[in-house]
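I have placed the structure first, in the form of structure tokens, so that the comments after it can refer back to it.
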Amino acid sequence: MKKYLVIGNPISHSLSPKLHNYWLKQNNIDAIYDKIKLEEDGIKEIIQDIKEQKIAGCNVTVPFKKKVIPFLDILSFEAEKTQSVNTIIFEKGNLIGHNTDIMGFDKAIKALNFNMKDKKILILGAGGVVPSIIFALKGMNVLEITISNRTKQKAENLGILFKNLNVMEWGNLSEFDVVINATSLGLNNEKINLDFSNVGKNKLFYDVIYNPAETSFLKEAKELGNKAENGGAMFIYQASEAFKLWHGIEPEVNFETLKLLKND
Ligand code: ATR
């Protein structure tokens, strides 16, 4: 039986096994998908297992999306541009790193019917998923992208990968059309200590976090009169793209799939 994995640290919150195993069963594929909490020195062994095809393929999450790159032979265009890999496949003797987070975010926004063109975007955080979000936003022709991160240097470092990013101090918010939480604040029900009242009303607040389904960031956004969306659809679409890369089948995304995220 083929074995697939998601590696990360922490990993307990990941619903990838639940989703992939559901699709595997639905498509009668004889394979299993598991999650493993890894320390950095464990990457090498997993990669070796993929080379030997003891593991058929692997998803990568925080904090290893960049750290796996030196172990790979080829990167997709998107993975190269974002220096971020979330899906590893083994093809014709080569380990190939893909980035399906970009398509995940892109499809999630399209599913909302929200037009990003000419919008002013604020991204909170500068961690692993942010380059993918920036890449996707640039393809949507947004007006401007501002990054605010507790550690300002990390926000400035994103300027190595992307042109024309604004960097803002952590703390003082002004008016934006869209605010994206890409920090890890909320994963364990922590509050983001920012005052969102200056952002304005009827804006889109998007949280990359999907588990828990409603972070305090989204709750507060609603209370202030904004549209609030969690990262559930982004998560499902990045997974469906990874599934397609491994199995050559695009799994069905429907109400049942969304329900899988709510049962926990
Ligand atoms: P990594 O930083 O290893 O890529 P990540 O989960 O992708 O991990 O990113 C975590 C993000 O949440 C970072 O932007 C982090 O800010 P720092 O770069 O300053 O660490 C942000 N974050 C985590 N805890 C935070 C806190 N208490 N206040 C503000 N931002 C926080």
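The values are calculated or read from the model by the stated rules, or taken from the named source; none is laboratory data. This is a predicted model, so every value here is computed, not measured. In this analysis, Cβ positions are derived from the backbone assuming ideal geometry, glycine residues included, and neighbour counts consider all displayed protein chains. Heavy atoms of the whole protein, side chains included, go into the accessibility calculation; ligands, DNA and RNA do not. Shrake-Rupley method; radii C 1.70, N 1.55, O 1.52, S 1.80 Å.
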Computed over the chain, the relative contact order (Cα-Cα under 8 Å, seq sep at least six) in percent reads 15 percent
Per-residue counts of other Cβ atoms within 10 Å, averaged by peptide: what ranking do you get for 232-240, 213-221, highest first?
232-240, 213-221
Under 5 Å between amide H atoms, partner at least 5 residues away or on a different chain: which partners does D34 have, H built in plane at 1.01 Å?
Y4, L5, V6
Could you tell me what a quarter of the Cα convex hull surface of the chain works out to, in nm² with one decimal place?
13.4 nm²
State the Kirkwood hydrodynamic radius of the range 102-232 in Å, one decimal place, computed from all pairs of distinct Cα atoms.
14.6 Å
Holding the Cα-Cα limit at 26 Å, pick out from K67/K244; K107/K191; K107/K219; K44/K163; K119/K262 the pairs that are longer than that.
K107/K191; K44/K163; K119/K262
Through the Karplus equation 6.51 cos²θ - 1.76 cosθ + 1.60, θ set to phi - 60°, convert the phi angles of the range 60-67 into ³J(HN,Hα) values in whole Hz; use x for Gly and Pro.
10, 10, 3, x, 10, 4, 8, 5
Would you give the gap between the C-alpha center of the range 65-104 and the C-alpha center of the range 205-241, rounded to a whole Å?
25 Å
Mean ellipticity per residue at 222 nm, deg cm²/dmol - from DSSP H runs of n ≥ 4 across the chain, formula -39500 (n - 2.57):
-9500 deg cm²/dmol
Karplus-derived 3J(HN,Hα), 6.51/-1.76/1.60, for each residue of the range 193-207, Hz, glycine and proline x:
7, 10, 9, 8, 5, 7, 5, x, 10, 6, 9, 9, 9, 10, 10
Give the shape of the range 1-48 as rounded, prolate or oblate, defined through the alpha-carbon gyration tensor: a ≥ b ≥ c are the square roots of its eigenvalues, a/c under 1.5 means rounded, and otherwise the shape is prolate if a/b is larger than b/c and oblate if not.
oblate
Quick one: pull the percent of accessible area on the chain belonging to carbon and sulfur, 1.4 Å probe, ligands and nucleic acids left out.
48 percent
The range 102-232, relative contact order [Cα under 8 Å, separation at least 6], %
21 percent
Burial ranking of peptide ranges 121-127, 68-74 (average Cβ count within 10 Å, highest at the top)
121-127, 68-74
Residue-ordered couplings for the range 89-98, obtained by feeding phi - 60° into the Karplus form 6.51 cos²θ - 1.76 cosθ + 1.60 and rounding to whole Hz (Gly and Pro as x), are 10, 10, 9, 6, x, 10, 8, 10, x, 10
Given H placed 1.01 Å from N in the peptide plane, which residues other than close sequence neighbours of M168 have an amide H under 5 Å from its amide H?
I147, S148, N149
